[in-house]
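Here is the structure we will look at, set down as structure tokens.
The values are calculated or read from the model by the stated rules, or taken from the named source; none is laboratory data. Here the structure is a predicted model, which means the values were calculated and not measured. Don't worry about glycine lacking a Cβ; one is built from the backbone with ideal geometry, like all the others, and counts go over all protein chains shown. Please note that ligands, DNA and RNA were not included when accessible areas were found on the heavy atoms of the full protein model with its side chains. Shrake-Rupley method; radii C 1.70, N 1.55, O 1.52, S 1.80 Å.
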Amino acid sequence: MDFNRRQFLIRLGAGTLAAGAVAMLPAAAFADDKVDVTELLKPGPLGDMSLGDEKAPHTVVEYASLTCTHCKHFHDTTWKPFKEKYVDTGKVRFILRDFPLDPLATAGFMLAHAAPNNNFFPMVDLLFDQQDKWAFVDDPVSALQQLSKQVGFTQDTFELALKNQALLDAVNAVKDRGATTFGVNATPTFFVDGVKKPGALSLEDFDALLS
């Protein structure tokens, strides 16, 4: 690549949260907050990355960071059964929004949005599945590049995605609006029909909320 790891992190660090600046807190630490659902469902500059029927009776929005171990825990333990029970059956429209906690998470989201053939969710799945192989290694740029090949990136398209200022600005805009407008200050944070629920919710938690 024509830019090294240090340059990469400096570049993506502009306007992003420093690692650890937003700590994960248990859901019990927050009182339930209800936000304006109409405002919440306004898409960001890249549109909303969603799964499920747009006319589903319930909507779940998740703000996540791809380097967050709590988000990975949700992905590993709850996401698949939740999707099968609620999203695939037309009961829930699910929206995933960018809330990167560090430059690497920002890079991951940029790659997911730029993934060939609209492979946003496959790229997100891959990055959570392989989180320990790119988020916590000495050379994350090379690790990301190797992983990105699995969803169709070439070296050129990989580098172009990470140099895309408009894409960086859009990812940060989603994060900033989540923080300033909806009070997101931890990941993962869910909004279930507009009710704020921070923490890696279990399937049983969703059962109680969506019943």
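Per-residue packing, averaged as other Cβ atoms within 10 Å, sorts the ranges 34-43, 194-203, 129-138, 96-105 into the order 96-105, 194-203, 129-138, 34-43, beginning with the highest. Rounded if a/c is under 1.5, else prolate if a/b is larger than b/c, else oblate: which is the stretch 26-148, with a ≥ b ≥ c the root eigenvalues of its Cα gyration tensor? Prolate, since a/c reaches 1.5 and a/b exceeds b/c.
A 19 angstrom limit on the alpha carbon distance is what I want to check against. Which of 133/175; 83/133; 42/175; 91/175; 175/196 exceed it?
The pairs that break the limit, which is 19 Å between Cα atoms, are 133/175; 83/133; 91/175.
For the stretch 66-109, the share of accessible area belonging to carbon and sulfur comes to 54 percent (1.4 Å probe, ligands and nucleic acids excluded). For the stretch 58-211, what D do you get in µm² per second when you plug the Kirkwood radius from alpha-carbon pairs into Stokes-Einstein at 37 °C and 0.692 mPa s? The calculation lands on 206 µm²/s. Relative contact order of the stretch 76-211, taken over Cα pairs closer than 8 Å and 6 or more residues apart, is 26 percent.
For residue 34, a cut-off of 13 angstrom between C-alpha atoms picks up these aspartates and glutamates, skipping any fewer than 8 places away in its own chain: 193. Over all other residues within a Cβ to Cβ distance under 12 Å of residue 57, the charged ones net out to 0, with Lys and Arg as +1 and Asp and Glu as -1. Of the accessible area of the stretch 140-211, computed with a 1.4 Å probe over protein heavy atoms only, carbon and sulfur atoms account for 52 percent.
What the stretch 51-182 shows is 41 Å² of accessible area per residue, with the surface traced by a 1.4 Å probe over protein heavy atoms.
Cα centroids of the stretch 149-211 and the stretch 80-142: 8 Å apart. Across 177, 93, the residue with the most accessible area heads the list, and the full order at a 1.4 Å probe is 177, 93.
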